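Below is one structure; the comments refer to it alone.
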Amino acid sequence: MVAMNTSIEISDATSEQEVPALPSLSVQAERLIATGVLEHEASRLTAEEVRAVAAELEGRARAGALLVASETALPVRMLVPSVARTQGGDERPGFVVVDSKDLEEFLPTVGVAVSDAKVYDVEDPYRDDDMRNWSPAEALEAFGTRSRTPFTVAEGVHWALQVPEVIDRNACYMMIGARRQKEKGFDWRTPALWLSNGTGRDGRERRGAVKLDWCWWNNRHTWLGFASGSRRVD
């Protein structure tokens, strides 16, 4: 994986921390294939399909685009364990918190233009560190003025798979492009990725692992930004 050593220390909620650049879409395709998740019976994708789409998109994509397999083609729950981090010399797989049994019901919202393609790319991924300590409601309003589109759960997980450093102890992100529809309005929970402290139900053995958890729509966190891109291409 091609990476740039551009990390800086976070000193406050308004400073920004750069992350390593994404490799080419073809390299990302091989990283996804290497996880083995495409061989699962729930996957509607083959390695050949991923390679072919990545190669085709590569001729049109901007440098630094993120390759994504849609939730309908590859259930995101299957991919999370492959988002591994090393802690104390041990590799620790990512995990979904135990009370996320309805994760699959968090779907792209009406304002998030996700196509029916099994594989696509998201251009100009950004963690929006400048929005740390903003609520999801505040961030969503700002995205409209910035011509940005918030990430879905699948997009956020794929980014962490390809560039594990994008999830840092003091700089993680929410994925507000996916919400759970209720009979009246939306679920107040908001999907987010951050590093476990190994406390409570997580268990000490998961300290430092990436966790897919929830925040609340009107809450602010100094260490959570909002993953977004400029557009999706299929």
Self-check item: Total charge dipole magnitude, the stretch 145-222, about the Cα centre, Cβ charges on Lys, Arg, Asp, Glu only, Debye to nearest 20
Solution: 260
Quiz item: Among the DSSP beta bridges whose two residues both lie in the chain, what percent are antiparallel, rounded to the nearest 5?
Solution: 85
Quiz item: Can you tell which of T222, T86, T190 shows the greatest fluctuation in a Gaussian network model of the chain with Cα springs below 10 Å?
Solution: T86
Practice problem: Mind jotting down the distance between the C-alpha centroids of the stretch 106-167 and the stretch 204-228, whole Å? | Solution: 14
Practice problem: Enumerate by residue number the GluC sites (Glu not before Pro) in the stretch 124-187 meeting two conditions: DSSP loop (anything except H, G, I, E, B), and at most 11 other Cβ atoms within 10 Å of the site's Cβ. | Solution: E183
Quiz item: If you bin every alpha carbon distance in the stretch 27-99 into 10 Å steps from zero, what whole percent lands in each bin?
Solution: 17, 45, 29, 9, 0
Self-check item: Whole-Å semi-axes of the stretch 115-162's equivalent ellipsoid (Cα gyration tensor)
Solution: 21, 13, 10
Quiz item: Once you mark the trypsin sites (Lys or Arg not before Pro) that are in a DSSP loop and have at most 12 other Cβ atoms within 10 Å, what is the longest gap between them in the chain?
Solution: 102-168
Self-check item: the chain - accessible surface per residue (Å², probe 1.4 Å)
Solution: 47
Self-check item: Extent along principal axes [Cα atoms of the stretch 35-163; Å; largest to smallest]
Solution: 41, 40, 31
Self-check item: Answer label, with Rg and Dmax of the Cα atoms in Å calculated from the coordinates and candidates (i) 17.4, 54; (ii) 16.6, 47; (iii) 20.2, 63
Solution: (ii)
Quiz item: In angstroms, what radius of gyration and Dmax does the stretch 88-172 have, counting Cα atoms only?
Solution: 14.6, 44
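Taking the Cα centre of the stretch 94-208 as the origin, how large is its charge dipole in debye, to the nearest 20, when only Lys and Arg (+1) and Asp and Glu (-1) carry charge on their Cβ atoms?
With only Lys, Arg, Asp and Glu charged at Cβ, the dipole is about 420 debye.
The values are calculated or read from the model by the stated rules, or taken from the named source; none is laboratory data. From a predicted model like this one, the values you see are computed outputs, not experimental measurements. No Cβ is skipped: glycine too gets one built from the backbone with ideal geometry, and neighbour counts run over all protein chains shown. We work out accessible area using only protein heavy atoms, side chains counted, and drop any ligands, DNA or RNA first. Shrake-Rupley method; radii C 1.70, N 1.55, O 1.52, S 1.80 Å.
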